[in-house]
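What follows is a short report on a single structure.
The values are calculated or read from the model by the stated rules, or taken from the named source; none is laboratory data. Treat the numbers as computed from the prediction; the structure is a model and nothing was measured. With ideal geometry, Cβ positions are generated from the backbone for all residues, glycine too; neighbour counts draw on all protein chains shown.
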Amino acid sequence: MAFDAPEDLDEFRTSVREWLEENCPPSMRTPMKDDEIVWGGKREAFKNPDSKVWLERMGEKGWTAPEWPAEYGGGGLNKAQARVLQQELRRIKARPALFSFGLWMFGPALLEFGNDEQKKRFIPDIVKGKTRWCQGYSEPGAGSDLAGLQTKCEDKGDHWLINGQKVWTSYADQADWIFCLVRTDKSVKHEGISFLVFDMETEGVEARPIKLISGSSPFCETFFTDVKVPKDQLVGKLNGGWTIAKRLLQFERSSISAGGFGGTGGSGILPPQEYAKQHVGVDETGRVSDGDLRARITDHLMYAKAFGLTVQRSTEEAKAGQEVGHTASIMKYAAAKMNQDKCELLVEALGTDGLGWSGDGFAEDAKKATRGWLRSKGNSIEGGTSEINLNVVAKRVLGLREHQ
Amino acid sequence: MSFVLSEDQQMLRDTAMAFARDEMPVSHLRELRDGGANGVDAEMRGKLAELGFFGVLVPEEYDGVGLGMVAMGQIMEAQGRTIAATPLLQTAVMGASALILGGSEAQKAEWLPKIASGEVTVALAVDEGTHHAPLNIATEAERNGQGYTLNGAKRYVPDGHHADVFIIAARTFGEAGQAHGISLFLVPNTADGLSVNALNTVDSHGAAHLTLEDVAVGEDCVIGAVDAGWEVLEPTLDRGRIALAAEALGSAQAAFDMTLEYMQTRKQFGQLIGSFQSLQHRAAKMFTDLELTRSCIAAALSGIDENRNDVAELASLAKARASDLIHLVSNETVQFHGGIGMTDAHDSGLYMKRARVQEALLGGASYHRDRYAKLNGF
């Protein structure tokens with residue numbers, strides 16, 4: 001990393017500030033609305049036209065991926081500069097220009113494991129939000145035991161031939177491309193897995209949305225029937241996919257624990273203590289009159305505060321060059337517990353107002369809280385169950401052995 | 001907020017950790033207990049003083065080193081690792097803080113150098129009931145011609161059984177429950193009318209009940225303004241709470257390490273018990289709680305040094321989470337060790353006994369949850 005004299009950074013800050021002043025549309029400086037989130041890709045409708053302008057401008061600078069190499073369309077910034085950009089974006093309360101599995105998961109893995117040609121082909125469109133990616137990992141028979149996956153990939157000389165089924169593929173029905181784990185050798189488990197990417201419009205690919213208990217359908221079942229994939233779309237080595245998969249799961253877990261959870265409820269939902277004050281009431285000293293609920297809300301708030309401080313601590317420790325593996329590995333588990341506790345408290349504090357489903361009989365925020373509570377049950381299942389995460393902590397961090 | 005130690009702080013931490021390990025291991029507390037010392041050890045106090053530990057908060061102009069709370073927290077965590085009995089919490093943290101925050105120039109000049117050198121031990125005496133309730137002060141300080149006359153009682157004062165001087169919170173106005181009307185008084189242990197009843201406590205650290213019968217003190221013994229002692233007392237207590245939380249964190253980490261080691265050596269059914277998933281998951285959850293709590297304590301310690309305006313909130317966060325943590329970890333330490341954990345010969349029990357004292361002193365988790373909720377407006 002190049003050393004930046006403070007004055008250089010000051011200069012950079014000034015230029016960022018000026019650029020943002022000129023280029024960030026006013027409506028992009030207001031709190032994000034749930035239905036105005038931009039995921040990019042061919043099907044992106046840009047409900048708010050300003051969000052299109054904002055994405056184009058940020059994408060052109062490479063600032064959707066500030067630290068990725070400029071030769072592939074990234075921002076090419078060093079850590080200090082990226083931090084300045086982050087601060088300046090926060091200062092004007094700018095919305096993220098792009099939400100993207102390409103940015104959070106696939107891109108970092110491709111930069112690490114892909115060849116130059118693949119990076120040139122895929123990274124620029126991730127940065128600009130032109131391609132929307134989905135992840136083909138879980139299968140009906142391979143959930144927590146992901147390496148047990150069976151989707152078959154045969155070498156047909158001039159192409160790969162894929163047959164099988166994926167499940168829990170996030171937004172597969174809206175994605176342009178998929179990065180996918182497939183079995184290239186049945187005789188071994190982890191060493192028989194490869195990492196492929198292909199177009200979702202390829203013949204033989206079909207995505208069917210799954211309706212969840214919350215009523216929404218963010219996930220799909222994805223079927224592959226004699227799907228032909230060009231040979232140059234294998235990432236990394238043949239049978240070397242598990243290494244990439246594990247690395248990518250780290251990116252996924254850290255992006256989930258950094259706040260990418262489904263079920264937080266979205267905008268307009270108040271913190272649980274506010275609903276408790278409104279619906280349960282307060283005593284003459286201003287305390288929520290249900291002491292038991294009040295204590296549990298407080299316990300949750302403290303947990304959330306402790307979580308936030310731990311994120312801050314691990315960021316600082318990483319900056320200071322200290323080992324942070326310990327902290328990172330517990331965050332997915334803690335984030336799931338924190339979010340689920342919050343969602344339960346919201347519904348409990350709302351009372352019967354938190355038990356509506358649809359229609360005018362219930363307020364919008366209350367209905368969101370209810371749906372969010374249902375959605376949050378997936379937090380301890382998706383991206384590695386809490387039990388699997390505790391196994392990881394026990395084995396990798398605490399050094400405990402596997403049962404024989 | 002700073003989470004990374006400076007070089008000075010890291011050096012002090014290393015020194016304190018090595019000292020606790022080499023000079024004050026758990027076996028030392030055992031020796032004190034079995035010898036009937038009730039946690040008092042003049043020789044050890046001398047060694048702590050030589051290392052400069054009593055003067056960490058005391059500014060250099062009063063012969064201290066003025067390194068601040070983050071530094072002090074490292075020492076507290078170290079002594080927590082071996083559940084060592086030292087006068088540091090009362091003398092070096094709360095005694096020093098009360099004087100630094102509220103003392104007159106004369107009081108500072110007289111007492112701070114003696115604190116820094118380890119020459120005197122101080123004990124802050126606040127609580128009068130069985131549960132921490134610093135506003136519920138009923139001990140009376142009545143104005144007389146030359147000064148004040150104190151009447152009342154204090155319960156379970158840590159280090160009370162060997163303190164040279166007390167800081168007594170008494171009421172000069174109003175009634176129990178009110179902040180206004182509390183005043184702080186320096187009272188030497190030789191004062192007429194003061195009786196000190198030493199207690200044999202479960203953690204073998206000792207403590208004392210105090211009775212004050214017509215104890216006369218001069219006007220120059222008031223710390224801070226009369227009736228406005230709360231303005232000094234509350235931030236002093238918060239420093240104590242944060243320091244005690246750091247101590248409890250050290251104890252929890254040490255008990256956890258001991259448990260982890262046992263999981264990797266003890267075999268049943270031909271397997272290491274550490275390979276059993278039911279134990280692995282409980283250990284992983286404890287580890288998560290340890291890491292989350294460590295962040296809260298680091299934030300609270302640096303919050304003091306940075307003079308942040310949310311110190312009260314951070315102190316309650318740190319003390320509540322540390323209390324819950326040490327409660328859980330000390331119980332699990334006994335359970336994971338099985339039968340051996342129930343024996344006096346094993347250290348598990350000593351950690352659990354000290355844990356309950358760490359929890360109760362200066363307010364347990366429920367006290368601080370209540371305070372945190374109030375500070376957050378509900």
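What the table shows:
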read-out: Residue list for the stretch B:179-189, filter: over 17 Å from B:Gly95 (Cβ atoms) and in a loop (DSSP other than H, G, I, E, B); value: B:Ala179, B:His180, B:Gly181
read-out: Residues satisfying the stated conditions in the stretch B:212-234, i.e. assigned to a helix (DSSP H, G or I) and in contact with a Gly (Cβ under 9 Å, 6 or more places away or on another chain); value: B:Glu219, B:Asp220, B:Cys221, B:Trp230, B:Glu231, B:Val232, B:Leu233
read-out: Flag if B:Ile182 is more than 30 Å from B:Arg33 (Cβ to Cβ), in contact with a Phe, Trp or Tyr (Cβ under 7 Å, 6 or more places away or on another chain) and among the β-branched types (Val, Ile, Thr); value: yes
read-out: Among (1) over 30 Å from A:Gly308 (Cα atoms); (2) in a helix (DSSP H, G or I); (3) not basic (Lys, Arg), the one test that B:Thr265 misses; value: (2)
read-out: Residues that are among the hydrophobic types (A, V, I, L, M, F, W, C) and more than 21 Å from the chain's Cα centre (by Cα), drawn from the stretch B:186-212; value: B:Ala191, B:Leu194, B:Leu212
read-out: Inter-residue pairs, beta-carbon under 9 Å, first within 23 Å of B:His368 (Cβ to Cβ) and free of Cβ contacts under 8 Å to residues at least 40 places away in the same chain and in the stretch B:320-342, second not in a helix (DSSP H, G or I) and not aliphatic (A, V, I, L, M), 6+ apart; value: B:His327/B:Gly364
read-out: Tally of residues being of a type in the set (S, T, N, Q) and part of a strand (DSSP E or B) across the stretch B:126-168; value: 2
read-out: Condition check for A:Lys166: basic (Lys, Arg), surrounded by 16 or more Cβ atoms within 10 Å (Cβ to Cβ) and in contact (Cβ under 8 Å) with a residue 40 or more places away in the chain; value: yes
read-out: Selection from the stretch A:10-47 of residues that are at pLDDT 90 or above and of a type in the set (A, V, I, L, M, F, W, C); value: A:Phe12, A:Val16, A:Trp19, A:Leu20, A:Cys24, A:Met28, A:Ile37, A:Val38, A:Trp39, A:Ala45, A:Phe46
read-out: Filtered residues of the stretch A:109-153 (kept if hydroxyl-bearing (Ser, Thr, Tyr) and in contact (Cβ under 8 Å) with a residue 40 or more places away in the chain); value: A:Thr131, A:Tyr137, A:Ser144, A:Thr151
read-out: Count - residues of the stretch B:257-298 that are polar (S, T, N, Q) and either touching a strand residue (DSSP E or B) at 6+ places or on another chain (Cβ under 7 Å) or more than 7 Å from chain A (Cβ to nearest Cβ) (or both); value: 5
read-out: Close pairs from the stretch B:88-114: first among the basic types (Lys, Arg), partner assigned to a helix (DSSP H, G or I), Cβ under 8 Å, at least 6 apart; value: B:Lys108/B:Tyr62; B:Lys108/B:Leu99; B:Lys108/B:Ile100
read-out: For B:Arg13: the one exception among (1) of a type in the set (D, E, K, R); (2) within 14 Å of chain A (Cβ to nearest Cβ); (3) closer than 17 Å to B:Ser117 by Cβ; value: (3)
read-out: Number of positions in the stretch A:279-300 that are touching a helix residue (DSSP H, G or I) at 6+ places or on another chain (Cβ under 8 Å), more than 7 Å from chain B (Cβ to nearest Cβ) and not in a loop (DSSP other than H, G, I, E, B); value: 5
read-out: Within the stretch B:333-371, tally of residues that are crowded, with 18+ Cβ neighbours inside 10 Å, more than 14 Å from every other protein chain (Cβ to nearest Cβ) and of a type in the set (A, V, I, L, M); value: 7
read-out: Residue within the stretch A:96-104 that is among the small types (Gly, Ala, Ser) and surrounded by fewer than 22 Cβ atoms within 10 Å (Cβ to Cβ) present; value: no
read-out: Every residue from the stretch B:162-186 that is hydrophobic (A, V, I, L, M, F, W, C) and surrounded by 24 or more Cβ atoms within 10 Å (Cβ to Cβ); value: B:Ala163, B:Phe166, B:Ile167, B:Ile168, B:Ala169, B:Ala170, B:Ile182, B:Leu184, B:Phe185
read-out: All positions within the stretch A:164-192 that are over 25 Å from A:Ile126 (Cα atoms) and among the aliphatic types (A, V, I, L, M); value: A:Val188
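Residue by residue, here is whether (1) surrounded by 18 or more Cβ atoms within 10 Å (Cβ to Cβ); (2) in contact with a Pro (Cβ under 9 Å, 6 or more places away or on another chain) holds:
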residue	(1), (2)
B:Leu233	yes, yes
B:Ala248	yes, no
B:Met263	yes, no
B:Gln271	no, no
B:Ser278	no, no
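Table: residues versus (1) outside any helix (DSSP H, G or I); (2) assigned by TED's automatic domain parsing to the domain that holds A:Pro218; (3) surrounded by 15 or more Cβ atoms within 10 Å (Cβ to Cβ); (4) not aliphatic (A, V, I, L, M).
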position: A:Glu11; (1), (2), (3), (4): no, no, no, yes
position: A:Met32; (1), (2), (3), (4): yes, no, yes, no
position: A:Gly40; (1), (2), (3), (4): yes, no, yes, yes
position: A:Ala45; (1), (2), (3), (4): yes, no, no, no
position: A:Trp54; (1), (2), (3), (4): no, no, yes, yes
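This table checks each residue for (1) closer than 24 Å to A:Arg247 by Cβ; (2) without any contact (Cβ under 8 Å) to a residue 40 or more places away in the chain; (3) more than 11 Å from chain B (Cβ to nearest Cβ); (4) charged (D, E, K, R).
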| site | (1), (2), (3), (4) |
| --- | --- |
| A:Gly361 | no, yes, yes, no |
| A:Asp365 | no, no, yes, yes |
| A:Ala369 | no, no, yes, no |
| A:Arg375 | no, no, yes, yes |
| A:Gly378 | yes, no, yes, no |
| A:Val392 | yes, no, no, no |
| A:Glu402 | yes, yes, no, yes |
